[in-house]
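The values are calculated or read from the model by the stated rules, or taken from the named source; none is laboratory data. Computed from a predicted model, the values in this text were never measured in an experiment. Cβ sites come from the backbone with ideal geometry, for glycine too, and all protein chains shown count toward neighbours. Side chains included, ligands, DNA and RNA excluded: accessible areas come from the protein's heavy atoms. Shrake-Rupley method; radii C 1.70, N 1.55, O 1.52, S 1.80 Å.
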Amino acid sequence: MSALSSLDSSFILVEDDRIPAGPSPLSKEQVAAQEGQLASLSSQTPPATPLTTPTYAHDWSLRGTGGLRIDGRNIVDSSGRVCSLRGVNLSGSCKTPADHDHENFPGDHKSITFVGRPFPLEEAHEHFSRLRRWGLTFIRFLVTWEAVEHGGPGVYDTEYLDYIRKLLSLLPKYGMTAFVSMHQDVWSRYCGGSGAPAWTLEVVGFDLHAIEDAGAAWLHGQRGGGHVEAERGLWPCGYQKLSAATMATCFWAGDIFAPKLLVKNKHNQDVTIQQFLQNAFLDTWDMIVRAVGDLEGVLGFQMMNEPHRGYISVPSLHAFDYNTDLHLSHVPSAFESFQLGAGHPTEVATWTRSFPIPTKHTSHTLLNISKTKAWHPDGPTQGRCLWEYHDVWRWNTTTDKAVVLRENYFRQRPDNGKKINWYTDFYYPFAVKWSERVRKASSPSKLIFLEPIPNEFCPESWTKERRPANMVFAPHWYDLKSLFEKAFGNFSVNVQGLSRGMFPLKAFYWGQKGARDNFSLQIRTLVEHGYKSLGETPVILGECGIPMDMNKKVAFETDDFTWQARMMDAMLTGLEKALIGFTLWNYNPDNDDLRGDDWNGENFSWFSRKRALPPSLLYYEQGAPSLDNGGRILPSVVRPYAAKTAGIPLQVDYEMNTGVFTYEWANRSEDASISATKSVSNPPLSLQTRLASHQTEIFLPSQLTHARRIIVKGLESGDKWAHDESLQTLFITTQNTTPGHKHTVTVAVYPPPRPTFFVNDFWTDFGGRVRSVVVVLFAILVYWLLF
């Protein structure tokens with residue numbers, strides 16, 4: 001490999017007749033034959049001077065940036081260059097302990113360990129080297145409350161905290177930076193998701209071994225289920241079930257809705273359940289921040305993944321909102337959940353998949369025929385339902401039926417009738433409190449990542465006084481149709497628009513071009529709602545991904561991942577056009593074809609160590625292709641991008657099937673006459689940080705450039721460029737510093753890569769037929785008029 005590396009050294013195309021010093025993929029005759037084609041593409045200016053510092057485009061360490069900070073809607077380095085951060089969630093495996101026992105779940109929840117999640121320390125060099133090669137050096141590092149405090153309230157797993165400190169301390173060596181995200185789904189593993197430790201449910205009064213039988217949670221996904229058709233996509237319905245909805249309600253608003261539930265805190269004082277849970281959550285964060293908050297590689301923190309309001313503001317105790325809450329399989333209303341949890345067999349609506357609407361109500365099913373109670377008899381309510389305990393409902397022994405006593409209980413304050421708003425009354429105040437505590441324990445320079453409820457736009461109520469300092473808006477986006485169906489084809493739908501009243505025909509798209517346009521519109525709409533509500537605040541998509549087991553898992557049998565590649569390309573095209581950073585869901589070394597990510601039947605990782613070479617056969621330089629083994633759809637994932645821009649990004653276009661990358665940016669300007677809007681396409685051109693460098697750095701992956709000519713077009717007189725394949729970086733220095741002046745560069749490679757797929761649309765697929773029909777109709781019309 002060492003000998004080969006010397007042949008793989010990078011090159012600079014100075015004139016059109018220059019070829020790489022190493023072996024060329026073309027003969028001299030072939031090169032001469034293509035001379036005219038190359039001349040029409042190549043830059044007419046000499047290359048830039050050699051590097052002044054040994055860093056690379058996707059290096060986010062202090063060495064490479066001098067420190068990252070917020071400036072308007074951008075994140076900039078110490079030279080004032082706008083930084084485009086892209087990377088991965090590390091990792092989906094962090095949702096479950098390293099010794100997770102499918103068969104005996106919930107088992108002994110106190111003696112588990114998350115040490116080794118996302119991977120053992122001895123594997124870090126392999127995985128970080130691989131992600132660096134792929135240009136994915138911005139990490140959303142997942143931890144869970146359970147990982148830190150599974151042993152009981154105030155009992156912290158210091159071995160795990162030591163482990164994540166050692167792991168995150170390695171990041172700068174690989175040019176990486178991370179924000180630490182407290183992950184949760186459906187409150188906890190013991191509600192069917194991930195996140196909070198088991199004792200949080202016990203302190204409220206739940207019996208962990210009775211929750212599932214009482215219909216208060218769906219736990220089969222924690223036992224390895226979720227892969228068969230009948231179980232596909234069931235886990236999000238857990239948000240509406242009794243255990244998760246009750247826990248979220250108690251956490252955010254227990255003082256208002258569960259004031260009778262008092263528990264002993266660490267000082268042996270009686271406190272409300274809200275105070276107990278929130279203080280424990282904040283104390284856990286203190287432990288995390290003390291463990292890693294001083295590390296160079298930790299850029300910031302995220303309070304909570306995909307927060308949920310529970311029962312707060314539920315429109316009715318008799319039904320959830322079909323437009324916002326997933327209805328699939330057995331979907332008890334809040335009132336029906338209360339009855340089930342109290343041990344009363346109850347008929348609930350059963351929903352099945354359908355078309356054109358996602359699901360429809362097809363039957364009723366009698367649940368909890370065993371009369372199991374979800375509430376432990378030794379709990380704080382002595383086995384009674386917490387909401388019966390608070391007089392929300394009651395069982396009428398005369399009629400032997402349940403009766404609602406307070407229909408509007410969760411929509412308004414029970415004491416004064418004032419309407420409740422989850423964001424303004426609970427989420428914003430707690431987020432500010434948390435952020436102040438985190439930054440005090442670490443540094444005021446740390447970035448604070450926050451997101452709204454999944455699939456919701458940024459609320460307009462999120463005004464400046466309700467936001468913490470140094471905030472980054474970090475929503476999530478998935479294509480809901482593909483996610484729900486685990487399928488992707490030529491027909492795609494803008495579910496985001498359709499659910500908000502968009503005319504149906506405008507929401508339908510065809511082909512790869514249609515998917516790109518569809519996803520681009522959805523992502524841009526999400527981002528621009530953020531700018532509209534928050535003003536000039538950075539937007540980084542915290543999660544976005546595609547199901548690798550789509551289309552009935554056919555790709556695992558054929559090894560043809562073309563549809564996955566098409567969907568990933570459409571999504572990344574949308575992200576690039578929105579000019580935002582992102583962390584893809586997810587890089588999971590434990591992924592395999594059979595179990596996927598081993599959590600509720602999900603399978604999102606495009607990397608699987610089961611498909612990779614053993615470490616003994618790997619090389620770890622950025623140019624080492626051996627690291628690519630185990631990766632799937634890499635041409636879609638590993639793409640050029642302008643990592644550091646000496647100006648304001650305006651437009652990105654990359655066609656993965658030709659390898660042509662076009663980038664447009666503008667010089668800064670303080671001219672007030674240059675108007676900016678809250679849109680993606682018309683950003684402000686002024687920044688506060690002084691621009692100290694005119695060098696733009698573009699990540700140009702070795703996968704694309706190796707043994708190919710680099711062709712640069714569009715630079716102006718005096719502009720210079722240089723390419724270093726070993727650093728996977730194209731350096732561009734511009735001379736024109738006129739305020740507001742726009743620069744456009746097109747980068748291509750020769751020979752171009754082999755196309756992965758054809759970019760089709762309605763007219764390429766049906767245009768001929770449409771034209772034929774039109775011709776026939778026209779002929780009939782002419783015949784009718786003339787004869």
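Overview of results
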item	result
Filter result for the condition that a residue is of a type in the set (S, T, N, Q) and surrounded by 18 or more Cβ atoms within 10 Å (Cβ to Cβ), over Asn89, Asn104	Asn89
Condition broken by Gly215, with the remaining ones in (1) more than 22 Å from Pro454 (Cβ to Cβ); (2) out of contact with any strand residue (DSSP E or B) (no Cβ under 8 Å at 6 or more places or on another chain); (3) not in a helix (DSSP H, G or I) satisfied	(2)
Condition check for Ile540: farther than 26 Å from Ser354 by Cβ, part of a strand (DSSP E or B) and modelled with pLDDT of 95 or more	yes
Output for segment 529-555, where each listed residue is open to solvent by less than 50 Å² (accessible area, probe 1.4 Å) and under 21 Å from Asn682 (Cβ atoms)	Gly530, Tyr531, Ser533, Leu534, Gly535, Thr537, Pro538, Val539, Ile540, Leu541
Residue satisfying all of: in segment 311-361; in a loop (DSSP other than H, G, I, E, B) and polar (S, T, N, Q); farthest from Trp387 (Cα to Cα) among these	Ser354
Residue selected from segment 181-212 under the condition outside any helix (DSSP H, G or I) and aromatic (Phe, Trp, Tyr), by the criterion nearest to Arg384 (Cα to Cα)	Phe206
His227 under 23 Å from the mean Cα position of the chain (by Cα), within 30 Å of Leu136 (Cα to Cα) and surrounded by fewer than 20 Cβ atoms within 10 Å (Cβ to Cβ)	yes
Sole exception among (1) open to solvent by 40 Å² or more (accessible area, probe 1.4 Å); (2) over 30 Å from Ile70 (Cβ atoms); (3) of a type in the set (S, T, N, Q) for Thr705, by number	(1)
Set Gly647, Gly623: member being at positive phi and touching a His at 6+ places or on another chain (Cβ under 9 Å)	Gly647
Scan of segment 91-120 for residues that are over 22 Å from Trp187 (Cβ atoms) and under 27 Å from the mean Cα position of the chain (by Cα), ordered by number	Val115, Gly116, Phe119, Pro120
Top-ranked residue in segment 740-764 [being closer than 21 Å to Ser636 by Cβ and not in a loop (DSSP other than H, G, I, E, B); ranked as most open to solvent (accessible area, probe 1.4 Å)]	Thr764
Counted residues, segment 205-260 - those being more than 18 Å from His327 (Cβ to Cβ), hydrophobic (A, V, I, L, M, F, W, C) and at pLDDT 95 or above	15
Residue selected from segment 260-279 under the condition open to solvent by 10 Å² or more (accessible area, probe 1.4 Å) and touching a residue at least 60 places away in the same chain (Cβ under 8 Å), by the criterion nearest to Trp387 (Cα to Cα)	Lys260
Out of Pro459, Pro414, Pro468, Pro356, sole residue that is modelled with pLDDT under 95 and touching a helix residue (DSSP H, G or I) at 6+ places or on another chain (Cβ under 8 Å)	Pro414
Pair list, Cβ < 8 Å and 6+ apart or interchain, from segment 152-169 residues that are over 12 Å from Leu295 (Cβ atoms) to residues that are outside any helix (DSSP H, G or I) and among the aliphatic types (A, V, I, L, M)	Asp157/Val115; Glu159/Val115; Tyr160/Val115; Tyr163/Val115
Number of positions in segment 113-126 that are touching a residue at least 12 places away in the same chain (Cβ under 8 Å) and surrounded by fewer than 23 Cβ atoms within 10 Å (Cβ to Cβ)	9
Single residue of Ile698, Ile711, Ile732 found to be in contact (Cβ under 8 Å) with a residue 12 or more places away in the chain, open to solvent by less than 40 Å² (accessible area, probe 1.4 Å), within 30 Å of Gln522 (Cβ to Cβ) and of a type in the set (Val, Ile, Thr)	Ile698
Flag if Glu436 is surrounded by 18 or more Cβ atoms within 10 Å (Cβ to Cβ), closer than 18 Å to Met182 by Cα, of a type in the set (D, E, K, R) and at pLDDT 95 or above	no
Residue that is most open to solvent (accessible area, probe 1.4 Å) [pool: residues in segment 556-569 that are touching a residue at least 60 places away in the same chain (Cβ under 8 Å) and in a helix (DSSP H, G or I)]	Trp563
The one condition in (1) of a type in the set (Val, Ile, Thr); (2) open to solvent by 30 Å² or more (accessible area, probe 1.4 Å); (3) touching a Ser or Thr at 6+ places or on another chain (Cβ under 6 Å) that Thr158 fails to fulfil	(3)
Enumeration of residues in segment 387-408 that are under 13 Å from Tyr311 (Cα atoms) and open to solvent by less than 10 Å² (accessible area, probe 1.4 Å)	Trp387, Val392
Residue in segment 476-492 that is in a loop (DSSP other than H, G, I, E, B), out of contact with any helix residue (DSSP H, G or I) (no Cβ under 9 Å at 6 or more places or on another chain) and open to solvent by less than 20 Å² (accessible area, probe 1.4 Å) present	no
Test: residue in segment 82-103 that is free of Cβ contacts under 8 Å to residues at least 12 places away in the same chain, of a type in the set (D, E, K, R) and either on the phi > 0 side of the Ramachandran plot or part of a loop (DSSP other than H, G, I, E, B) (or both)	yes
Segment 499-515 - residue that is assigned to a helix (DSSP H, G or I) and among the basic types (Lys, Arg) and, of those, most open to solvent (accessible area, probe 1.4 Å)	Lys506
Long-range neighbours under 6 Å by Cβ, at least six apart or interchain, first residue small (Gly, Ala, Ser) within segment 350-369, second open to solvent by 50 Å² or more (accessible area, probe 1.4 Å)	Ser354/Lys360
Boolean, Leu613 is open to solvent by less than 60 Å² (accessible area, probe 1.4 Å), within 30 Å of Thr756 (Cα to Cα) and in a loop (DSSP other than H, G, I, E, B)	yes
Residue match in segment 580-599 (condition: outside any strand (DSSP E or B), out of contact with any helix residue (DSSP H, G or I) (no Cβ under 8 Å at 6 or more places or on another chain) and closer than 27 Å to Tyr641 by Cβ)	no
